[in-house]
There are 2 protein chains.
Amino acid sequence: MSRTNLQLVDECDRFPYYQDNPAAYTEHLKNYHFFKVSGCDAILGYIVNDVVSRISWAPSHWTIDSLNRTVTLTTGPDATPQQRSAIVAQTLAHEVQLGTFDILKGWRDELYPVYGPNGEFLLELERSATPLFGIVSYGIHSTCYVEDENGLRIWVPRRSRTKQTYPGMLDNSVAGGMSTTEHPFECLVREAMEEASLPEEIVRANATPAGCVSYIYVRDSQAGGETDLVQPEVEYVFDIKVGADVIPKPCDSEVEEFMLYTVEETKAALANGEFKPNCSVVLLDFFIRHGILTAENEPDYLDILTRVHRRLEFPTASHVTK
Amino acid sequence: MSRTNLQLVDECDRFPYYQDNPAAYTEHLKNYHFFKVSGCDAILGYIVNDVVSRISWAPSHWTIDSLNRTVTLTTGPDATPQQRSAIVAQTLAHEVQLGTFDILKGWRDELYPVYGPNGEFLLELERSATPLFGIVSYGIHSTCYVEDENGLRIWVPRRSRTKQTYPGMLDNSVAGGMSTTEHPFECLVREAMEEASLPEEIVRANATPAGCVSYIYVRDSQAGGETDLVQPEVEYVFDIKVGADVIPKPCDSEVEEFMLYTVEETKAALANGEFKPNCSVVLLDFFIRHGILTAENEPDYLDILTRVHRRLEFPTASHVTK
């Protein structure tokens, strides 16, 4: 029943690795079509074959190559991101109308970006549709903690029991997705207020960027909607060290309550599977950076550390602020 | 002339990735034989073909399969690590006598371990020979720093100009290799005294384990000895935060002097190529964990972070202290 830390990583980083078994990996890839846009060689995402067969791809805009298993958004060489995005939006709108996918019933009205191999912005699409295309999505996750004479304690929120995804599970102190034009720190500031009622000045004074976690999630029933969809993610990680007088409070309807957990309580909840999978790996990364998990007390230390910093095979964004 | 941070990573993590170009990767692997031991399926290291052809492999102990490009240490099913190690030692002693390899002229008389897929200890061999077999080696690297009203400053040693490897280059505050029976913290304590005259009580009071870096180095002329040898490494990373009154001093002949560099001075020396390659990546990891390099000021942030936490395709050790 109790999970090891590596099992927690397995629940988040679920896509196989070539090196572990080249033959099995190559075979596994046959479950997917590669999402591409014309004029760009890179594979932008993995689309489950079943999803490919259920979408009505307008032949004027899409080329489906069953032999090479590619789905290519086909435009003239001078196509703009706006034009590509409009085609995707049209394709999705049609499927929403038909009710093809449960996952699109969680429509968010937020646009998520897709980047090319040189960091160029290619297109954007509705957040809830990103797992259908298997593209990389970006977000921020933070650990708000108190470290004083009572030791290190972490602010742990419980997700609302009415949330579409992972209802009632434990989460990272402040976390959220980055839409197209957003930058990591800006996203952190926005989410800190929306989810935890933490004012901007507290965040600016106490938050430190501390890396990111990256992994390839594969959706299961907890995530809601269709299963087996591929969801590569990059989550920028922040530590927010606060005094015991700073108390996060639920603001919107996303969070039910905040608890101040000791490290032992946090570890127990992790082992018990109470955290949303990608929140577990953010906490494991936090524990490693803070010397709580070490090479000398965690047998899978190296596996954990390399798995939660997975090098994605898709182009990714630079979020440098100009 | 000036290097980007990603170029510094390129100088350390030099082995190609399958995902970047599957065909080129597969072709590149043809430059190597795979090091194996009988009774264990795992590939333990990559041996450059030229090295394979120059070693006199005693047929009673070694099986060379040119078709599958494997070099297998062949023993009975009940072989002990001692027996395997003795065979390797005998093979190496013969080559030392013949003077086959320059790299063995840097004989260290330190034994480095090789582990199997379940963390089992398979054998140990002379440190200077590890790149001939392309096996994973382990070490510790630490950043000793002062953070006060003058900002964050890092203790940077210059390697002795008479050292065999990377003479005169800049290094991490305290760093060194772990021989077979050593554990990370123990290695840190030993090296801190040997290289920086830092007493054990200072290290115990101020050092925090903060992860590890892993990469596949490929030796060039700076490293001394034969070039193109493969050197996968795991370096456990420690931060040692000290007051301005703690001043590391050279002790053995490895270090020439210690300088207290500001972050800007450290960055300039990095860009100028003054650091030993694997020390650069330890500093980049430090900068990321401390919020000095961020997603918003480093265009290659994600590439850097995932490359310096490379998931190695070889079995690795667990260093849990029993």
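The values are calculated or read from the model by the stated rules, or taken from the named source; none is laboratory data. Computed from a predicted model, the values in this text were never measured in an experiment. No Cβ is skipped: glycine too gets one built from the backbone with ideal geometry, and neighbour counts run over all protein chains shown. Heads up: the accessible areas ignore ligands, DNA and RNA and are worked out on the full protein's heavy atoms, side chains in. Shrake-Rupley method; radii C 1.70, N 1.55, O 1.52, S 1.80 Å.
Quick notes
- In this simple spin-label model, placing a label point 7 Å from the Cα along the Cα-to-Cβ direction at both A:LEU29 and B:SER38 gives a separation of 3.6 nm.
- Other residues lying with their Cβ under 10 Å from the Cβ of B:THR4 contribute a combined charge of -2, Lys and Arg counting +1, Asp and Glu -1.
- Distances in nm from B:HIS94 to the matching label points in the other copies, shortest first (labels 7 Å along Cα to Cβ): 7.0
- Cα gyration tensor category, rounded, prolate or oblate, for chain B with a/c compared to 1.5: prolate
- Solvent-accessible area lost in complex, 50 Å² minimum, residues of the stretch A:17-54 relative to chain alone, 1.4 Å: A:TYR18, A:GLN19
- Excluding ligands, DNA and RNA and using a 1.4 Å probe, chains A and B jointly bury around 3400 Å² of accessible surface, summed across both partners.
- With all protein chains kept in place, the per residue accessible area of the stretch B:87-192 amounts to 36 square angstrom at a probe of 1.4 angstrom.
- GNM flexibility winner over chain A from A:TYR112, A:TYR138, A:TYR17 (Cα, springs under 10 Å): A:TYR17
- Placing a label point 7 Å from the Cα of A:ALA42 along the Cα-to-Cβ direction, the distances to the matching points in the other copies come to 3.4 nm, shortest first.
- When chain A is turned onto chain B, its residue with the beta carbon nearest the axis, and that distance in whole angstrom, is A:HIS309, 2.
- Computed in the context of the full set of protein chains, the accessible area of the protein assembly as shown at 1.4 Å probe radius has 50% of its extent on carbon or sulfur.
- Per residue, the protein assembly as shown reaches -8500 deg cm²/dmol at 222 nm when only DSSP H runs of four or more residues are counted, each adding -39500 (n - 2.57).
- Of the residues B:THR130, B:THR63, B:THR143, the one that moves most in a GNM of chain B with alpha-carbon contacts below 10 Å is B:THR63.
- Counting only the Cα atoms, the protein assembly as shown fills a convex hull of 169 Å³ per residue.
- What you get for the protein assembly as shown, charging only the Cβ of Lys and Arg (+1) and of Asp and Glu (-1), is a dipole of about 1160 debye around the Cα centre.
- Inter-centroid distance (Cα atoms) of the stretch A:36-104 relative to the stretch A:211-288, Å: 32
- A Cβ-based charge dipole, computed about the Cα centre of chain B with Lys and Arg at +1 and Asp and Glu at -1, lands at about 660 debye.
- Total charge dipole magnitude, the stretch B:31-133, about the Cα centre, Cβ charges on Lys, Arg, Asp, Glu only, Debye to nearest 20: 160
- With both labels modelled 7 Å from their Cα along Cα-to-Cβ, the B:GLU200 to B:ASP50 distance reads 4.5 nm.
- Spin-label model distance (nm) - A:ARG3 vs A:GLU256, 7 Å beyond Cα toward Cβ: 1.8
- Among beta bridges that DSSP assigns inside chain B, antiparallel share in %, nearest 5: 75
- For A:THR70, the label point sits 7 Å beyond Cα toward Cβ; its separations from the matching points on the remaining copies run 3.7 nm, from shortest to longest.
- Share antiparallel - DSSP beta bridges, the protein assembly as shown, percent rounded to 5: 75
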